[in-house]
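Visitor: What follows is a structure written as structure tokens; I'll ask about it next.
The values are calculated or read from the model by the stated rules, or taken from the named source; none is laboratory data. Bear in mind the structure is a predicted one, so any value in this text is a computation, not a measurement. Methodologically, a virtual Cβ is constructed for each residue, glycine included, from the backbone with ideal geometry; neighbour enumeration extends over all protein chains shown. Accessible surface is based on the protein model in full, side chains and every heavy atom, while ligands, DNA and RNA are left aside. Shrake-Rupley method; radii C 1.70, N 1.55, O 1.52, S 1.80 Å.
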Amino acid sequence: MVLVLFPVMYHLGGLHLAALAAVASVSGEALDCYVLSRFARRSTIGKKLPFALGLTTLTAGLQAGANAFAIALMFTLGDGDTRVLAGAACFAGILDAALVFAAHRGASIIRIIVYFGCASTITLQEWLRNDSSDPSLVYEALSIGFLLYVCWLIVRHVFKTQERSSNSRMLTLENARELAHTNAALEQSRQTTRRLALVAEHASDSVIVTDQNGVITWVNRAFTRITGYSYAEAVGRNITFLNGPQTDTASAERLNKARDEMKPFRIEIINHHRDGHPIWVDVNMSPLFDEQGNLVNVVSIERDIGEAKEREQALAEARRVAEDSVRARRNFLATMSHEIRTPMTGVIGTTELLLETDLDKQQETLVRTISSSGDSLLSIINEILDFSRLEEGRLEVNADPFSPGKCFQTAIDLVQPLADAKGLRLKIVLPSSLPQQVIGDERRMSQVLLNLLGNAIKFTEVGSVELEVSVRLEDGACDLLLLVRDTGVGIETSKLDRIFESFVQADSKIAGRFGGTGLGLAISRLLVRAMGGEISVASAPGTGTVFFVSLSLPVGELDAEIAPATANISELPQETVDLSGVCILVAEDNRTNTMLLERMLAGTGASLLFTENGREALDLFTEHAPDIVLMDLHMPILDGLAATGLMRLAENNCGGIPVPIIALTANAFPEDRDLCIASGMDGIITKPFRKRDLLNSITSALAVERDPFQSHRDSLTA
Ligand code: ADP
């Protein structure tokens, strides 16, 4: 435009005006180019885009304005002759602006407005200056309109073309971006897959991929290591080929069912190695589904648990051996106890009967020695049995009301003769606040006390033995502290911790002098603990020993019935009783015991019926209707328990009153007692027994049954 306008201007208005128009036009162009190039050089415009668009629209407006100024100047100088040139220049400007419409709408619009404004002003001026009826003006106006229409057509075509190409460029860009995304995702999933494949490949557990039918499609290296089958040998075969003769079919079926139902499943099962040996594996099977929920494959991770299984089996075996040995020990103890008690009945009973005969002094001393040796042997057996039961945790602690004061006093009374024999003072100190009744196990309590008092007397040569009781009552509970104090040999401090262990004696020389098994304190501690208490000791060699027993027992209701005192504490010696008119049936196959029973009952006036087996006992029972039956348990033909059952049946059938049946047994465990009671017996006399035990048991059983005797006998004989 400058190249065309400058010579025209120079021709019309001289150098100065031409230069002015050129400077204006070039400056506008230069400013616009400068600003556009500044922005074009930047790689990103980002947030500055609105500013850039605004500024370049402004510079485009200035550029068009400068050109319009040059065109207007040329038109004015030309005085009407240059109107076509001016119109063409405006048209060129509009066309130029329209061509870049798609690239910068703002700049194009402002330039079109400026050029159109310039053209309109020129046309208006021309109309005002000339006669409005001049038809050439109308033609000019029509040609301007026509040009503008052409201009609009071109602009529209350019715009559409540019828009199409821009859309297609955008589409290409969009596709390229999507492709890049897809490629990135693909790469990531490829890497993940590679990593997972590496993990699966190098996992220490065997990984087996199958289809839904169980056909193997992939296995890892661990599979080969564990099963011995290579990849090529495994792939294509059904996974069930790993099962073998030792595989549990039920487990295998459950696994197959889970696979068929496409459910995750876990099970321990035996697979078989290539060389045939069984392998314990922990199978963790999971079906894998795609996004549409279709099964892709089934992955089984199999862990070799052979070692764990071996350990488990070894443990089970060890437990079985331990249980066997406990059972064997229990059986051994029961048998030993039974076998020793049976002859002991003879020894103790015979010495007792012997002592009732006329003996000279020396004979009596000898017989008493046999008797006390028998007692010691018996207490050792009892201790061993007690200890083994306590150790197995099979000892029940009763919770019955009893008088603690009476219990402590009875224990003192029982050991009094021992203290007297050694010339020791025996004292008991009971607090006035001691409750009249507590709930606990009186028999176990006295067992502990008798052991502690017995030891105190045993290990004391001169001085005293004292039982001191202190009590604290709180919230219905009675906290008892029992002190058993002596002035005896004492115990070395280093041994104090160990004396509660089984078979431990503080000083073997001293213990040898006094005798004992080393079980008493172990039993006492187990008993006290079973009762919820604690036992401890303080001692110094030469000055004496104190044992402390602390226990907390609930205080009993005063009107609650106190359990009858236990036999070994409260029974008073009963040397003879009147049993005249009483018929006693004795079923016992051991001759010595029969002889003893006959002798022990000889002076009572009772009539005795003897038999050596249960069958005959039953016949005698129905035939003679005895008042009481003494029944041994182990007898030929029919044992005591069975015979008792049949006797009770006979009684039931004829509606008679039950006759007391008392077991005579060398089985000393509480289970044996329970068995006797369950079979229908009323009581039990444990062998070896003393005459007074026998008479006590008979009289107390008869005391309950005495009245109905006659009617019972009548009903039986009828
Ligand atoms: P035993 O008395 O049958 O040997 P214990 O278990 O009752 O067994 O006692 C273990 C040991 O504790 C005894 O051998 C003895 O050395 C020591 N002992 C227990 N009580 C006393 C005591 N009052 N004075 C001294 N030593 C005692």
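Visitor: Which residues does the label zone of HIS634 cover in region 584-619, counting backbone N under 12 Å from a point 7 Å along Cα→Cβ?
Guide: Correct set: 589-590.
Visitor: If I model region 352-403 as equal point scatterers sitting on the Cα atoms and use the Debye formula, what is log10 I(q)/I(0) at q = 0.27, 0.28 Å⁻¹?
Guide: With no solvent term, the Cα-only Debye profile gives -0.98, -1.01.
Visitor: Right, something else. How big is the antiparallel share of DSSP beta bridges in the chain, given as a percent to the nearest 5?
Guide: Here the antiparallel bridges make up roughly 70 percent for the chain.
Visitor: Could you work out what % of the accessible surface of region 336-421 is carbon and sulfur, using a 1.4 angstrom probe and leaving DNA, RNA and ligands out of the count?
Guide: Summing carbon and sulfur atoms, their accessible area is 57 percent of the total for region 336-421.
Visitor: Amide H neighbours of GLY605 under 5 Å, counting only residues 5+ apart in sequence or on other chains, H built in-plane at 1.01 Å?
Guide: LEU579
Visitor: Further, regarding this structure: Please report the orientation-averaged projected area of region 1-129, defined via the convex hull of its C-alpha atoms, in nm².
Guide: Average of the hull's projected areas for region 1-129 equals 7.9 nm².
Visitor: I'd like to know which of ALA399, LEU354, CYS90 lies farthest towards the positive end of the charge dipole of the chain, counting +1 on Cβ of Lys and Arg and -1 on Cβ of Asp and Glu.
Guide: So the residue furthest toward the plus end is CYS90.
Visitor: Pairwise over distinct Cα atoms, reciprocal of the mean inverse distance: report the Kirkwood radius of region 425-476 in Å, one decimal place.
Guide: 12.9
Visitor: Also: Efficiency by 1/(1 + (r/R0)^6): what FRET value for GLU392 and GLN416, r their Cβ-Cβ distance, R0 = 25 Å, to the nearest 0.05?
Guide: The value I calculate is 0.10.
Visitor: Semi-axes of the equivalent ellipsoid of region 31-76: what are they in whole Å, largest first, if each equals the square root of 5 times a C-alpha gyration tensor eigenvalue?
Guide: The three semi-axes for region 31-76 are 29, 10, 4 Å.
Visitor: So what does log10 I(q)/I(0) come out to for region 315-410 at q = 0.19 Å⁻¹, using the Debye formula with one equal point on every Cα and no solvent?
Guide: Debye intensities relative to I(0), on a log10 scale: -0.98.
Visitor: Just to be sure I follow: if Rg is taken over the C-alpha atoms of region 97-187 and Rh is the Kirkwood radius over the same atoms, what is Rg/Rh?
Guide: Dividing the radius of gyration by the Kirkwood radius yields 1.34.
Visitor: List the residues whose amide H sits under 5 Å from the amide H of ALA663, counting only those 5 or more places along or on another chain, with H placed 1.01 Å from N in the peptide plane.
Guide: MET631, ASP682, GLY683, ILE684, ILE685
Visitor: Checking the table LYS422/LYS458; LYS458/LYS691; LYS427/LYS458 against a 18 Å threshold on Cα-Cα, which pairs fail?
Guide: In this structure, LYS458/LYS691 lie more than 18 Å apart at Cα.
Visitor: Suppose accessible area is computed on protein heavy atoms with a 1.4 Å probe; arrange LYS691, LYS427 from highest to lowest.
Guide: LYS427, LYS691
Visitor: Still on this structure: Run the helix sum for the chain: -39,500 (n - 2.57) per DSSP H stretch of 4+ residues, divided by residue count, reported at 222 nm to the nearest 500 deg cm²/dmol.
Guide: The helix-only estimate for the chain comes to -19500 deg cm²/dmol at 222 nm.
Visitor: Using the Karplus curve 6.51 cos²θ - 1.76 cosθ + 1.60 with θ = phi - 60°, what ³J(HN,Hα) values do you get for each residue of region 78-91, in whole Hz, with x for Gly and Pro?
Guide: x, 6, x, 6, 9, 5, 5, 4, 5, x, 4, 4, 4, 4
Visitor: Right, another one. For region 211-360, take the alpha-carbon Rg, divide it by the Kirkwood Rh, and send me Rg/Rh.
Guide: We get a ratio of 1.52 for region 211-360.
Visitor: Separate question: How would you rank 416-425, 199-208, 298-307, highest first, on the average number of other Cβ atoms within 10 Å across their residues?
Guide: The densest-packed peptide leads the list: 298-307, 199-208, 416-425.
Visitor: For the chain, what is the relative contact order in percent, using Cα pairs closer than 8 Å and at least 6 residues apart in sequence?
Guide: Over the chain, the number comes to 7 percent.
Visitor: Ok, one more. Please compute the contact order of region 1-124 in relative form: average sequence separation of alpha-carbon pairs under 8 Å and at least six residues apart, divided by the residue count, as a percent.
Guide: 26
Visitor: Also, quick follow-up: Using 7 Å Cα-to-Cβ label points, what is the HIS181/THR161 separation (nm, one decimal)?
Guide: Distance between label points: 3.4 nm.
Visitor: Length gain on complete extension for the stretch ARG42 to ALA399, per 0.36 nm per residue less the alpha carbon to alpha carbon distance?
Guide: Result: 118.6 nm gained on full extension.
Visitor: Still on this structure, I have one more. May I ask for the distance between the Cα centers of region 211-241 and region 1-50, given as a whole number of Å?
Guide: Taking the Cα centre of region 1-50 as reference, the centre of region 211-241 is 81 Å away.
Visitor: Now for a separate question. Explain nothing, just compute: Karplus ³J(HN,Hα) = 6.51 cos²θ - 1.76 cosθ + 1.60, θ = phi - 60°, for every residue of region 24-33 in order, whole Hz, x for Gly and Pro.
Guide: Once θ is set to phi - 60°, the couplings for region 24-33 become 4, 5, 5, 4, x, 5, 5, 4, 4, 4 Hz.
Visitor: Once the mean 1/r over all distinct Cα pairs of region 121-271 is inverted, what Kirkwood radius in angstroms do you read off?
Guide: 23.4
Visitor: Separate question: Relative contact order for region 402-503: what is it in percent, counting Cα pairs under 8 Å that are at least 6 residues apart?
Guide: 28
Visitor: Something else about it: Would you mind giving the average projected area, over all directions, of the Cα convex hull of the chain in nm² with one decimal?
Guide: 73.1
Visitor: Excluding VAL296 itself, calculate the net charge of residues whose Cβ lies under 11 Å from the Cβ of VAL296, where each Lys or Arg counts +1 and each Asp or Glu counts -1.
Guide: The answer is -3.
Visitor: What order, most packed first, do the peptides 655-667, 7-19 have when packing is the mean number of other Cβ atoms within 10 Å of each residue?
Guide: The packing order, highest mean first, is 655-667, 7-19.
Visitor: Per-residue HN-Hα couplings for region 697-702, Karplus 6.51 cos²θ - 1.76 cosθ + 1.60 at θ = phi - 60°, whole Hz, x for Gly and Pro?
Guide: These are the phi-based 3J(HN,Hα) values: 4, 5, 5, 5, 5, 5 Hz.
Visitor: Under 18 Å from a point placed 7 Å out from the Cα of LEU137 along the Cα-to-Cβ direction: which residues of region 66-88 have their backbone N that close?
Guide: Zone members listed by number: 76, 79-84, 87.
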